[in-house]
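The values are calculated or read from the model by the stated rules, or taken from the named source; none is laboratory data. Quick caveat, the model's predicted, so the values are computed rather than measured. Don't worry about glycine lacking a Cβ; one is built from the backbone with ideal geometry, like all the others, and counts go over all protein chains shown. To get the accessible areas, we keep the full protein, side chains included, count just its heavy atoms, and leave off ligands, DNA and RNA. Shrake-Rupley method; radii C 1.70, N 1.55, O 1.52, S 1.80 Å.
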Amino acid sequence: MASPVAAERPTAAPGPGRRRRRPGAGRRDHLVGWLLVAPAVVYFVVFLLYPALSALYYSFTDWDLRSEANWVGLANYADLFSDDVKYPHFWKSVRVTLQYTLIAVPLTLGTALAQALLVNAVRRGSNAFRLLLFLPVVTAEAAVGAIWRWLYDPQYGLINSVLGLFGVPPQNWLNTPELVIPALAFIAAWQCGISMIIYLAGLKGIPASITEAATIDGAGPVQRFRKVVFPMLRPTTFYLLVTGVIAALQVFGLVYVIFSGGGGKGAAGGPEQSGLAYVLHLYLFAFRYDAMGAACAMSFILLVFIMIITAVQFRFVKQEAA
């Protein structure tokens with residue numbers, strides 16, 4: 001008895017809504033994808049990666065922007081930390097920057113949160129308030145410096161005029177070493193528009209049912225803020241704390257406009273270098289004191305310090321909403 005021959009299974013024809021994939025279509029999609037990301041890759045390599053690697057190399061040299069760079073190894077780093085004659089204001093700039101950060105960051109976050117709470121409570125015209133509170137962020141640093149130099153003027157400034165209404169004598173804000181850092185921190189708090197917008201988004205994300213339940217349980221406005229609103233804003237606060245510390249450690253534009261100095265070889269930064277921020281000091285070494293190698297070393301010292309501070313914040317600051 002002959003065995004039946006297995007019938008060949010007919011190949012299924014593609015359905016009316018399905019197209020057969022052409023050979024090489026995957027490679028074309030790959031090419032299109034690379035073309036789309038190419039501008040970002042070129043920008044990263046040309047304007048970020050290459051300058052960073054070049055700065056790392058020059059940090060081990062004595063390059064002065066005019067002559068050839070000579071390899072000096074770790075001499076720039078060692079001199080910055082230990083040579084008070086060659087770099088007399090290095091540790092001063094570190095202290096100024098740390099003091100500014102410790103004052104400016106909490107003041108900025110507190111001001112931003114207060115503004116966000118007020119805007120969130122407004123029922124009509126909230127968009128206009130957001131615009132007005134965000135304007136300081138988009139104002140040019142030169143204009144901000146000019147405005148605040150007038151506001152802090154010891155004779156004609158608006159701030160001293162307001163303080164005079166309460167019997168406070170006029171203060172020479174920008175020429176008194178003890179007042180320079182608080183004055184700069186107050187300007188940073190005035191420019192808290194981005195933090196305010198982020199806090200406002202966090203407030204909008206809190207479910208209304210939670211605050212309503214707290215109200216029904218008898219919690220007042222202060223208790224609702226302490227027990228419900230602020231714990232729910234913990235992830236937002238953590239993000240703003242990390243980014244705020246990074247920004248404060250790199251403060252430059254404002255202090256450059258106000259305390260850039262008038263030339264010569266003396267360190268700029270206000271009376272007794274009380275406003276000599278770290279990045280301003282770095283800038284002066286790079287472009288005024290002809291010590292680009294030392295400036296590059298300072299930049300990488302700052303990078304390592306920022307990485308350490310950020311790691312400490314991730315380790316010890318609570319990030320999750322309660």
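If the condition is being in contact with a helix residue (DSSP H, G or I) (Cβ under 9 Å, 6 or more places away or on another chain), assigned to a helix (DSSP H, G or I), at pLDDT 90 or above and not β-branched (Val, Ile, Thr), then the stretch 226-243 contributes 230, 232, 235, 238, 239, 240, 241. Considering 224, 234, the condition of being crowded, with 16+ Cβ neighbours inside 10 Å, of a type outside the set (Gly, Ala, Ser) and touching an Asp or Glu at 6+ places or on another chain (Cβ under 9 Å) is satisfied by 234 alone.
Among the residues of the stretch 90-100, how many are of a type in the set (Val, Ile, Thr) and surrounded by fewer than 24 Cβ atoms within 10 Å (Cβ to Cβ)?
Kept after step one, since they are of a type in the set (Val, Ile, Thr), are these residues of the stretch 90-100: 94, 96-97.
From the residues that got through so far, the ones that are surrounded by fewer than 24 Cβ atoms within 10 Å (Cβ to Cβ) too are 94.
Final tally of qualifying residues: 1.
Might you check whether a residue that is within 26 Å of residue 309 (Cβ to Cβ), of a type in the set (Val, Ile, Thr) and open to solvent by less than 50 Å² (accessible area, probe 1.4 Å) occurs anywhere in the stretch 106-118? Scanning the stretch 106-118, I find at least one residue that is within 26 Å of residue 309 (Cβ to Cβ), of a type in the set (Val, Ile, Thr) and open to solvent by less than 50 Å² (accessible area, probe 1.4 Å), so the answer is yes.
Evaluate the following for residue 131: is it farther than 19 Å from residue 254 by Cα, open to solvent by less than 80 Å² (accessible area, probe 1.4 Å) and either among the aliphatic types (A, V, I, L, M) or not in a helix (DSSP H, G or I) (or both)? Spell out the reasoning first.
On the way: farther than 19 Å from residue 254 by Cα: yes; open to solvent by less than 80 Å² (accessible area, probe 1.4 Å): no; either among the aliphatic types (A, V, I, L, M) or not in a helix (DSSP H, G or I) (or both): yes.
It is false that residue 131 is farther than 19 Å from residue 254 by Cα, open to solvent by less than 80 Å² (accessible area, probe 1.4 Å) and either among the aliphatic types (A, V, I, L, M) or not in a helix (DSSP H, G or I) (or both).
Scanning the stretch 143-170 for residues that are over 16 Å from residue 255 (Cα atoms) and in contact with a Gly (Cβ under 9 Å, 6 or more places away or on another chain) yields a total of 1. Restricting attention to the stretch 164-199, the residues being open to solvent by less than 50 Å² (accessible area, probe 1.4 Å) and either without any contact (Cβ under 8 Å) to a residue 40 or more places away in the chain or outside any helix (DSSP H, G or I) (or both) number 7. Taken as a whole, the condition of being under 22 Å from the mean Cα position of the chain (by Cα) and in a helix (DSSP H, G or I) does not apply to residue 251.
Checking each residue in the stretch 287-322 for being under 18 Å from residue 93 (Cα atoms), open to solvent by less than 70 Å² (accessible area, probe 1.4 Å) and in contact with a Leu (Cβ under 8 Å, 6 or more places away or on another chain) picks out 292, 294, 295, 296, 297, 298, 299, 300, 301, 302, 306, 309.
So is residue 272 touching a residue at least 60 places away in the same chain (Cβ under 8 Å), surrounded by fewer than 17 Cβ atoms within 10 Å (Cβ to Cβ) and not in a helix (DSSP H, G or I) or not?
Working: touching a residue at least 60 places away in the same chain (Cβ under 8 Å): yes; surrounded by fewer than 17 Cβ atoms within 10 Å (Cβ to Cβ): yes; not in a helix (DSSP H, G or I): no.
Answer is no for this residue.
Of all the listed residues (124, 66, 95), the sole one being free of Cβ contacts under 8 Å to residues at least 40 places away in the same chain and assigned to a loop (DSSP other than H, G, I, E, B) is 124.
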